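Below is one structure; the comments refer to it alone.
Here, each number is a calculation from the coordinates, and none is a lab measurement. The model shown is predicted, which means the values in this text are computed figures rather than measured ones. Every residue, glycine as well, gets a Cβ built from its backbone with ideal geometry; the counts of neighbours run over all protein chains shown.
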Amino acid sequence: MPSATVNKPRPSELLSRLTSAEPEVKVRALREVKNQIIGNRTKKLSFLKLGAVPAVAGILADSIDDVTENNNCNNTNNFLVQSAAALGSFACGFDAGVQAVLDAGAFPNLLRLLANPNEKVVDAVARALRMIYQSKLAPKYDFLQQKNMEFLISLLNSEKETVSGLGASIITRSCETNLEQKALFDAGILRKLNSLLEGGSLSQRDASLESLATVFRNNPEVISKFAGPEIGRPLSSIIDLAKDRYPRTRLLACMCLIVIRNASPHFLQDIGIKTKLIHILLELLDDPGQVGDEAPFAFSSLIAQKEDLQKLALEANAIDKFHHHIKKGSLHPRRYEGILLALADMCSKLESCRTKFLSLQAKPSQSLEPFKALASNGIHTATKPKPSSSRDQELMLASFVLNLVADALTDYNAGVRAAACICLKSVTRSIQKLSAGYFMNETIVIPLVQLFLDPSTSVQVAALGATSNIVVDFTTSKSIFVQCGGMKQLIQLAKSMESSVRSNALWALKNFVFQADNRLKEGVFSELTASLLSSLIRDPEPSVQEQALALVRNLVDGCINLIEFVFAEDGLILGAIGRQLQCASKAEIGIQGMYALCNVASGNEFHREAVMQLLFTQMGDKNQSFVVKFLQSNDSQLRTATVWTIVNLTCPSSPGAPCRLEKLRNAGIVSQIKNMVNDPCVDVKVAIFFIFRISPCENSARAIYGFRGQLSMSVFIHYSEYKRQEILKQLVFQSSSPLFF
Amino acid sequence: MNKLVMNFLVTKGYVEAAKKFRMESGTHPGIDLATITDRMAVKKAAQCGNVEDAIEKINDLNPEILDTNPQLFFQLQQQRLIELIRNGKVEEALEFAQEELAPRAEENQSFLEELERTISLLAFEDTSNCQVGELLDISQRLKTASEVNAAVLTSQSHEKDPKLPSLLKMLIWAQNKLDKKAAYPCINDLSNARLEEPTF
């Protein structure tokens, strides 16, 4: 007979029945609350707000007292089971619920009840505790205390799955340090977990895999002890489970193996296991549930930073598979985020992967999309375009997949947006594609710039990262970026409260003005203002200081008029550079600052004299200029930058050079440089060469030094092709700022 | 062979038959038969369309099942909605959909399509001929009941499918493969499992 809908009592009504004097009413209300909240996050929240958790926790506490006083057994057990189940459900996957349960003081009571003689009570309590331990809000378990370890062992030894499962989840949640991992090993816990792997039930095996991974994480010592000969061949049981019939077990086994691989160079390094792991994880993507959602994250942890694995994954058609899943659409946000991050990892180092990604085809119905990309590249068409050249065809293909990424940039989920930016950042590391103008188009730039205003800081930072690469654009103009307000937004972000946003905004600006034309640079500078830039140079955060100095370096590189920037408003910027170089907290700051000065010194006599004065500003009775300190630095780039500055200051064609040379000699700098003739770094040696092997002819001297202050074109040409490529490679994000040209 | 039969009876939930079979053949069921009774009560409630009762029984058995299985929970709630529509309780159905099902779809967008399909039942005068009419069919209830049964089995760490059907499938597959390579006595009629001589 079909069920009729019973008119449910309102939640507030139910709550008041929880405090009823009649046990029948009370237990029925309790059961009703439990049944209403299970599976229903919305109800959990509304009952929580009404104060249900303390009420239920109170019932649990009262029932414990009844147990102690040996009151009506059946009734008491019923109360215990229902209240524990309700508390467990509040805590299930719901952090606010976990907090409420902990705040209500139920945790110690639940622990005590693990010793209760009634099986159903123990089951309910163990489940509730396990729900708590699945949350990061769970109280920290101190493994290093003897009685705690003994208690844990007793849990793991229990016949009941719910209890041993609790033991495993305590380990998974609370074990963090190498010390704790070792303590667990010494107590024989790993042996116990291994026996659960081999002889336990499905849930015990899964729980065991998770705990083992936690104990192994970043601990090669424990791993080699575990995999040693005494315990048989335990790694093989984990490897077998990677081929288990249940997808969740396969995933957890793979994750455990990946933890072992990443922590220890001795295990699981052969190509067979690498290929197997890749294939299993790619196949797990097909699982429609949570396992498929988590699989791409496991894949990322396998291949991140590892070129050999990225190559193997490319050969296994990983990029096609990920693309296939994204195309399907209506993805769970976790899965969407995971796939985008996996693609980001795939394209992070290998050009072959980026090329593959950008050549993916889309569904026929998306054939109209490339209009947006092509139109903004200056190819105007009213009808469907026929690609007239292979470059156009490439652009059209690329635009298909870029549209997919652009969609993700506007997703309602912040994690997905951030992941899309990170994916873009990886793909835009391709100098080839940057040069071909793949990315400087409306489809990408407009949504990206919108993310500068995103409510989430991590999305902002990720968007800035992708932007930093895209604005390093050699061929097409950067006008799209300026037109959609990108430049102004970047400058706004340079004033953000978050230091990571400030430094990344400056990074993007630095790349934006790299080799840009004078008008663009002047535009940036007038928007930025000398006072803002100088305060950024003096920012409390070293990373911000570094990027600000690098921005100055790129701004003044080029036309002599641009050097005037540092003298604006009474030399605000120049003064800030000087002060920052005095107290530079890390080499990178010195490097950028010195190159900035080097560029200033490539101007006219006035500029050179100003730099000279800066180098010799005394601080207290410190006789030694920071120049000597930099020349003696361990960092070769810093030494190089400093020598180049001195090269510019002593350029023989300038009238003030002999005088400056004398000052430098008196300060012991010349002799310091003479000592560096055999410097281990080639770049330093080349720079020193220019000080001591000066061509007598003024024209060739000018040709060599140029007005640009840094290594001029003629010398650059003398570098090998490989070296030139190396220099070009350093232009993009995650690497040092644009330098030689 | 006995273990295969016992496995089938246990997984499908034929408690009485399993008990008798144990007595007659001495085969161990490999699972506590009492848990089967609980599971069967849940399955029966679902098969009869008593969804609310089924939910209460599952929660008594193991509250984690529905808490960690949003797909199954949604399916059960959907079945409740279908039963309300079947009984012509239109207002209650709409209220139920709004209060209980809409939040599920909010929490998880992939449910939205199913929800809309179910609600559209209300739009049709003659539900037997419409596209979503199959939702009202008894087969939908059986589907839900079977999902519930599988979830409970998995939570008890028991395999949710009996081995026997898979073995039969494998037999047929193996015979198909072998047909291309050799002549051999094969089983053509699964119900009597007689070995027939190859014909030429």
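The gain in end-to-end length when the A:Glu119 to A:Lys629 segment is fully stretched comes to 176.3 nm, 0.36 nm per residue minus the alpha carbon separation. Dividing the convex hull volume of the alpha-carbon atoms in the range A:160-215 by its residue count gives 62 Å³ per residue. Based on DSSP H segments of at least four residues, each scored -39500 (n - 2.57), the protein assembly as shown has a per-residue ellipticity at 222 nm of -20500 deg cm²/dmol. Under 1.5 on a/c is rounded, so check that first for the range A:9-139, then, if it is not, pick prolate when a/b is larger than b/c and oblate when it is not; a ≥ b ≥ c are the square roots of the alpha carbon gyration tensor eigenvalues. The shape class here is oblate. Please report, to two decimal places, log10 I(q)/I(0) for the range A:422-506 at q = 0.26 Å⁻¹ as given by the Debye formula with identical point scatterers on the Cα atoms and no solvent. The Debye formula, applied to the Cα set alone, gives -1.34.
All C-alpha to C-alpha distances of the range A:156-251, sorted into 10 Å bins beginning at zero, yield P(r) values of 16, 52, 30, 1 percent in whole numbers. Sorted on the mean count of surrounding Cβ atoms within 10 Å across their residues, most packed first, peptides A:82-95, B:65-78, A:45-58, B:105-118 read A:82-95, B:65-78, A:45-58, B:105-118.
Taking every alpha-carbon pair within the range B:31-155, the share separated by more than 24 Å comes to 27 percent.
In this calculation the C-beta distance from A:Tyr412 to B:Asn87 is compared with R0 = 35 Å, giving a FRET efficiency of 0.40.
Share of pairwise Cα-Cα distances greater than 24 Å in the range A:461-589 is 21 percent (whole percent). Label sites at B:Leu190 and A:Lys160, each approximated as a point 7 angstrom past Cα along Cα to Cβ, lie 4.2 nm apart.
Other protein chain C-beta atoms within 10 Å of residue C-beta, averaged over B:67-74: 5. One equal scatterer on each Cα of the range B:114-177, no solvent, Debye formula: the resulting log10 I(q)/I(0) at q = 0.18, 0.22 Å⁻¹ is -0.79, -0.88. Remark: spin-label model distance A:Thr617-A:Leu137 equals 5.2 nm, labels positioned 7 Å along the Cα→Cβ axis.
A Förster radius of 45 Å, combined with the Cβ-Cβ distance separating B:Asp53 from A:His324, puts the computed FRET efficiency at roughly 0.60. Across the alpha-carbon atoms of the range A:568-650, the computed radius of gyration and Dmax are 11.9, 36 angstrom. Measuring r between the beta carbons of B:Asp137 and B:Gln175 and using R0 = 35 Å, the FRET efficiency lands at 0.50.
Evaluated on the protein assembly as shown, the Kirkwood hydrodynamic radius is 33.3 Å, with distances taken between all distinct Cα atoms.
Entry note: the range A:59-217 has Rg to Rh equal to 0.98, where both radii use alpha-carbon atoms and Rh is the Kirkwood radius. Label point of B:Thr35 set 7 angstrom out along Cα-Cβ; within the range A:127-170, amide nitrogens under 20 Å from it belong to A:127-131, A:155-169.
Taking a straight Cα-Cα cut-off under 18 Å and skipping sequence neighbours fewer than 8 places away in the same chain, the lysines within cross-link reach of A:Lys44 are A:Lys8, A:Lys34. With contacts taken as Cα pairs under 8 Å at a separation of at least 6 residues, chain B carries a relative contact order of 21 percent. For the peptide B:98-110, the mean number of other protein chain Cβ atoms found within 10 angstrom of a residue's Cβ is 3. Helices in chain B that qualify as membrane-span-like (whole DSSP H runs, Cα extent of at least 18 Å along the helix axis, mean Kyte-Doolittle hydropathy of -1.0 or higher) are B:33-47, B:70-86, B:138-155, B:163-179. Sorted largest first, the spans of the alpha carbon positions of the range A:521-625 along the three principal axes are 40, 33, 22 Å.
Quantify how strongly other chains surround peptide A:281-291 by giving the mean number of their Cβ atoms within 10 Å of each of its Cβ atoms.
Per residue, the number of nearby Cβ atoms from other chains is 1 on average.
Between A:Glu198 and B:Cys130, the simple spin-label model (points 7 angstrom out along Cα→Cβ) gives 6.0 nm.
Taking 0.36 nm per intervening residue step and subtracting the Cα-Cα distance, what contour gain separates A:Ser653 from A:Ser224 on full extension?
On the way: separation 429, 0.36 × 429 = 154.44 nm, distance 6.62 nm.
Additional length available on full extension: 147.8 nm.
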